[in-house]
Amino acid sequence: MKFFTLLITLIVALPAIANVKVKVDPPNPVKGESFKVTFEVTTDTDAEPNVAFYPIGLEVLGRSREVSISSSYINGKFKSQKKINFHYEMISDVSRVAKIKNIEVTVGDKVLRHPEVAIKVLLKKKTPASVFVRAELSKEDVYVGEGVDLRYYLYTRVPVVQVEFKNFPKLNGFIKRFHKTVDDEQTVEEDGIIYKKILKYSGRIYPEKEGKLTIDPLHLNIQYATSRGSPFGNFGLSFNRFRSKTVISKKVEVNVSPLPTENVPDNFTGLIGEHKFTFTSPKGKYVVNEAIEAKLEVLGPGALEKMEAPKVYQSNALENFDTKSEFFEVGKDMGRKIFDYTYLARGNTEIEDRKLALSYFDPNEKTYKEIEINIPGLVVGGGGTSVGRQNNTGSLEKTNRKVIRENPALVLDSPLAPLFTTDWKGLPLNWPKWVLIGVFTVIILQLLELIWSKILSRPTVSTYDSLIKEMKKNGLEYSKVVKLIYELPEANENTSIRDIVKKSRLPNRDKDYFLELLDALEGGDFSEAKRTDKKVRFKSASFKSLQRELSNASH
């Protein structure tokens, strides 16, 4: 009993302790694969340790922190000891001896030093990997603007319990279309080993510049069983068989060639691959001040997001409104873009049928190919100006006008209702005059209704407020953020959403926030990532700046 009492007394009287240990898992990592370096700091003080070191031949990918506390109450005194594990995720692109030098851990006023750690990085694993992730491309040699299918597969030969997306590929330098991925599983053989191959992330990308472009790696946190048996065996008591690991796909390069500069047609659309063009117009006859609508649909594998609307009708008698466009995905490698044209007939004219020639680049035959679209003619009548015939290329040919001699107010050449001259002095106060007044009244009312409907269709300031309040209350949504940004004055159909943010008058800190927010939400939508990630939090100050810019634009 005396010995036990003396031992307890010595333990309680011990001075404050602090020490550090460094562990590498696995001890011999493989080139291009991530591994974990843990700095284990033990202390009995409340001071937060600060870890510093200098890596040689290593790249630090991330850090996490884990704390455990053990306490004891002896002879009326309370004593606790804290163990803090700082986990650093690292990777090496070379197979050699890497080092971690100048290791110092500061705890309060104490500085703990640890000898340098040498890490032998292997060129390849001595035993086959149990689980890894790989980026695979449909083509590695492409032209600028040519579509490439990108897929990230998880290979595993052990039961995987959970997969968490850690970092998504940014893929700068590419136009991107991400797909919602269903875990498509297949069995394959790699180096004589049977793996399950599971599709985890996919999309279609289009390089925007020539040269060697890098496909960013995908980072996954994997929890898996260490044996091939059921992870829920032994009545669910074998939790010690689970391991967690971060797997990172290796970087892949794409060789991007420029398009040929010889014999480039003036009507080149910028599209790569065969495309189908369909033009439709509801009718061919209109009256002056009537809206003329037409539609061009383009279907194919190219980067339709960047295609600009071709000119369809060109006439001095037609006022051209901004052409609207809308893009849809059709399958995983095809897209459809629809251009909606709107004109307003300002005077009598006749436009002839014509062929509209457009071209695309064929990457297989390495040549430009041209296709012709039928553009039907149209006739506008009902106005007081002289009728003309236009060949749909901008030049106007005057044609003779026939006048009915029995009634000088009528014009025979119109394919629609009778036309009336503007010489009111020769008109008696009879029914033709009142019919003319009625026709013009109806046309003006239709025009006012069209303009008013366009005004009402624009979002109001109260609409912006309600969207922002709703996201602040219920959580951020990608579609609502995109809708707000596309209402900025810098937005147009040929500008990507990120370029809109960059060109906006928002403060730089708010631009950075919205760019990071778009990346995070885009990843969340396509990977089913949790919306509780720190990167997706609602930042009131930045949304107030956006709200202010939208209010200024609406006035």
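Every read-out reported here was derived from the displayed coordinates using simple, explicitly stated rules and does not represent laboratory data. Everything numeric in this text was worked out from a predicted model, so none of it was measured. As a convention, Cβ positions derive from the backbone with ideal geometry for all residues, glycine included, and neighbour counts pool all protein chains shown.
Some notes on this structure:
- In order through the range 101-113: 3J(HN,Hα) via Karplus (6.51 cos²θ - 1.76 cosθ + 1.60), integer Hz, x for Gly, Pro: 10, 6, 7, 9, 10, 9, 10, x, 9, 9, 10, 9, 10
- Taking amide H as placed 1.01 Å from N in the peptide plane, the amide H of LEU112 sits under 5 Å from that of VAL105, THR106, VAL107, each at least 5 places away or on another chain.
- Exposure proxy shown here: for PHE339, PHE514, the number of other Cβ atoms within 10 Å sets the order, fewest to most, as PHE339, PHE514.
- Modelled spin labels at THR127 and ILE56, positioned 7 Å past Cα toward Cβ, are 3.1 nm from each other.
- Packing-based exposure ordering (other Cβ within 10 Å, fewest first) of HIS219, HIS87: HIS87, HIS219
- GluC sites (Glu not before Pro) within the range 134-217: DSSP coil, no more than 14 neighbouring Cβ in 10 Å: GLU140, GLU210
- When only Cα pairs below 8 angstrom with a gap of at least 6 residues are kept, the range 253-301 shows a relative contact order of 40 percent.
- Loop-located GluC sites (Glu not before Pro) across the range 315-378 with a Cβ neighbour count of 11 or fewer within 10 Å are GLU365, with loop assigned by DSSP.
- Label positions at LEU137 and LEU447, each projected 7 Å from the Cα along the C-beta direction, are separated by 5.5 nm.
- Unsatisfied cross-links (Cα-Cα over 28 Å) in the set LYS197/LYS337; LYS209/LYS295; LYS295/LYS483; LYS251/LYS480; LYS337/LYS502; LYS99/LYS245: LYS197/LYS337; LYS209/LYS295; LYS251/LYS480
- Computed log₁₀ I(q)/I(0) - Debye formula, equal Cα scatterers, no solvent, the range 46-127, q 0.19, 0.21, 0.27 Å⁻¹: -0.95, -1.06, -1.32
- Distance between the pseudo-spin-label points of THR38 and ARG63 (7 Å out from Cα toward the beta carbon): 1.8 nm.
- Scaled against 2.2 N^0.38 Å for its residue count N, the alpha carbon radius of gyration of the range 120-216 is 1.23.
- If you wrap the range 330-374 in the convex hull of its Cα atoms and look at it from every side, the mean projected area works out to 5.2 nm².
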